[in-house]
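J.: Below you will find the structure I want to go over with you.
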Amino acid sequence: MTTAQKIARIAPFLDPLLAQHAVSRPGRPFFLAVTGLQGSGKSTLVSALQEHLNAQGKRTVQFSLDDLYLTHEDQARLASQNPDNKLWSHRGQPGTHDLDLAQRTFTALREAWHTPSSSTIALPSYNKSLFLGSGDRLPSSAFPSVPVTPRIEVVIFEGWCLGHRPLPLGVLSAAHKSSLNSPASRTNTLREHKLECVQQINEALEEYDLAFMGPQHFDALVWLEAGRLEWVYEWREEQERGLREGGRGGMTKGQVEEFVKGYMPAYELYLPALRQGFFKELEEEGAGRQLTITLGRGREVMVEQDSTLDLLFPSSYPSNGEMLTYSPELAKLYRHQFNVSYADAHDSEKLALFARAVVIASSLLSPREEPVLRAVILNLDKFVDVVLRATRHPNRETQTQGLDALYALVSHLRDWRIKRPEVGPVFVG
């Protein structure tokens, strides 16, 4: 799906929210958050969305969380003062941004509608290429100035960790312990960091949440969700390869691996809660304010059955007859988040398959349809059993049955979404 097609999908989501906002909060800008993994296409999408909204007569400005990074000097000081915390050794995680600058910028934009018409707002700017790629924020004298007239109607703020919410200490500790007890992998990096270091990140995120990044500061959120978390390594390497080939520097493949690993613990900790809804604590007031767009490996929107199959099966028909493999870590995360009790709690394969079925169901249903999603999850037994047979007794017949069951699940969910019946049991197969 092209950027234009994504805009066509986002526009129907935004239009009623913008209309409602114009009535309920006349004059005040509408704040839209756009979030997603590194390399998911946030910047490209935001630029196109800004152009789309401006063409509609809604003056729109945008800026990025990246522009709020600490200066090079302050970042170096943070790293030297916390030598044991590798997560603060370079820019990226909560704690490496200028909190005061963020608050001042948000306040200026929020209050722009009743400031003198001749006023301007300075938007921060960060240059990642300075200091051999370590980056530095530009001096305030070089910040671009945005006039407040004509009136600013929409502010788009994009960033890799927007939508992340701080976790209670008990939940954080449990997640860290679970990570330590699970095998090391590219998507289980939390185990590489001390709990105290992770707590520092969580405490910084709590400050961000209160100051400028919590749901109380936004009117809507668009999340470009990756079908598989590990794709972030490929996406970031693709970006850096483009820089290298264009003679604009860029990290080596090994450097990309280590750089992305510096962000991965936050993805592991905070993305499961984002699936439940950024605005969920606002209850009815927050309904319908989050749009999740699930992306395939090529950043296409996952709408076709083949894309959904790729999420469940690493390869649909293994030629060597080996058992399909799944991620028990993913399973545990989704079981925890949806608070689903399951009879076969010690069957890691079954749990992992169950979790991937939850991922599929979640990607096909909007946040406001959570009751439907819960009903689907609690009635997935037959689907899980059919596909599990394909993994434990791999042959053409059992795997065909497994694929048929998956197609039936996807078809049933799509029909349900269209018809919107009362929540009831689901029959799959």
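J.: Any of LYS86/LYS253; LYS6/LYS261; LYS128/LYS253 with alpha carbons more than 23 Å apart? Name them for me.
T.: LYS6/LYS261
J.: Mind checking which of LEU65, ALA55, LEU101 is farthest towards the positive end of segment 35-141's charge dipole, using Cβ charges of +1 (Lys, Arg) and -1 (Asp, Glu) about the Cα centre?
T.: After comparing all options, I get ALA55.
J.: Rounded to the nearest 0.05, what FRET efficiency is calculated for GLU111 and LEU210 with R0 set to 22 Å and r the Cβ-Cβ distance?
T.: The value I calculate is 0.75.
J.: If you don't mind, another one. Given the alpha-carbon gyration tensor of segment 1-150, what are the semi-axes of its equivalent ellipsoid in whole angstrom, ordered largest first, with each equal to the square root of 5 times an eigenvalue?
T.: Equivalent ellipsoid of segment 1-150: 31, 20, 14 Å, largest first.
J.: May I ask for the percentage of alpha-carbon pairs in segment 152-232 that lie more than 17 Å from each other?
T.: Considering segment 152-232, 59 percent of its Cα-Cα pairs are separated by more than 17 Å.
FYI, it's all coordinate maths here, none of it is from the lab. Remember, it's a predicted structure, so these values are computed and weren't measured experimentally. As a convention, Cβ positions derive from the backbone with ideal geometry for all residues, glycine included, and neighbour counts pool all protein chains shown.
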